[in-house]
1. Give me the strands (runs of 3 or more DSSP E) completely within the range 90-181, filtered to those with at least 3 residues that are more than 21 Å from Ser79 (Cβ to Cβ) and open to solvent by 60 Å² or more (accessible area, probe 1.4 Å), ordered by residue number.
2. From the residues in the range 1-60 that are small (Gly, Ala, Ser) and not in a loop (DSSP other than H, G, I, E, B), which one is nearest to Glu165 (Cα to Cα)?
3. Of the residues that sit in the range 44-80 and are open to solvent by 60 Å² or more (accessible area, probe 1.4 Å) and among the acidic types (Asp, Glu), which one is modelled with the lowest pLDDT?
4. How many residues are closer than 13 Å to Lys164 by Cβ, of a type in the set (D, E, K, R) and without any contact (Cβ under 8 Å) to a residue 40 or more places away in the chain if we restrict to the range 112-145?
5. Search the range 11-23 for residues that are in contact (Cβ under 8 Å) with a residue 40 or more places away in the chain and pair each with any residue that is among the basic types (Lys, Arg) when their beta-carbon atoms are under 7 Å apart and the residues are at least 6 apart or on different chains.
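The values are calculated or read from the model by the stated rules, or taken from the named source; none is laboratory data. Predicted, not measured: the structure shown is a model, and the values here were computed from it. Positions of Cβ are generated from backbone atoms using ideal geometry, with glycine treated the same way; all protein chains shown enter the neighbour counts. Just the protein is used for accessible areas: all its heavy atoms, side chains included, with ligands, DNA and RNA removed. Shrake-Rupley method; radii C 1.70, N 1.55, O 1.52, S 1.80 Å.
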Amino acid sequence: MEKIDIIESAAILVPVDNIDTDQIIPARFLKTTVREGFGEKLFYDWRHNPDGTPSDSDPLAGRKCSILVAGNNFGCGSSREHAAWALHDAGFKAVISSSFADIFRNNALNNCLLPAEVSGEYLEKLTAILEKNPETVIKIDLGKQTVSAPGAGEYRFEINGYKKECLMKGYSDIDYLLSDKESILRYEESHDRA
């Protein structure tokens, strides 16, 4: 997995509450367990007309950004891990929202995607700034656990300490265990196997 420390990027703004996992990656595209290739299907029904042609209301509009700013309750609905895969495959390293569905949050953290939860007030500030200037650069500092943007100030978000360490070191859960293999072996050797 790649390491996450500081993410500095313009953002894609999708100011919609209750974006569920079927909107993020429609169920009809979940026919594989390979993680690659889902990015092109991200928000597919919003980005395409029913006949498959590009929609004028495409929230991504051909822009490549590392940060997605969404409304409240992001990632609700079914527990599909493919939603995190699709966001990551499309180049996103972080999603900023005022709340995340628990299962989505865990899937994101396990797939090198940072769910940065901010207050509703701070999200409103970010949204207003991005509506005025979509090229505004947002900075997320995982080490300090802060989100900042010109005109919005800085907001400190919470994150599980273990998952923070994994993201900063580029570890999966297995990588984390293997990083302490010597201690585990010493512990095993020091205890009877009766």
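1. The strands (runs of 3 or more DSSP E) meeting that bar are 153-156.
2. Ser9
3. Top of the filtered list is Asp56.
4. 1
5. Close Cβ pairs (under 7 Å, with a partner that is among the basic types (Lys, Arg)) amount to Ile12/Arg63; Thr21/Arg80.
One line per residue, one yes/no per condition, for (1) out of contact with any strand residue (DSSP E or B) (no Cβ under 9 Å at 6 or more places or on another chain); (2) of a type in the set (Ser, Thr, Tyr); (3) under 25 Å from Met168 (Cα atoms):
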{"site": "Asp17", "(1), (2), (3)": "no, no, no"}
{"site": "Pro26", "(1), (2), (3)": "yes, no, no"}
{"site": "Pro54", "(1), (2), (3)": "no, no, no"}
{"site": "Ala61", "(1), (2), (3)": "no, no, no"}
{"site": "Ser66", "(1), (2), (3)": "no, yes, yes"}
{"site": "Cys76", "(1), (2), (3)": "no, no, no"}
{"site": "Gly91", "(1), (2), (3)": "yes, no, yes"}
{"site": "Arg105", "(1), (2), (3)": "no, no, yes"}
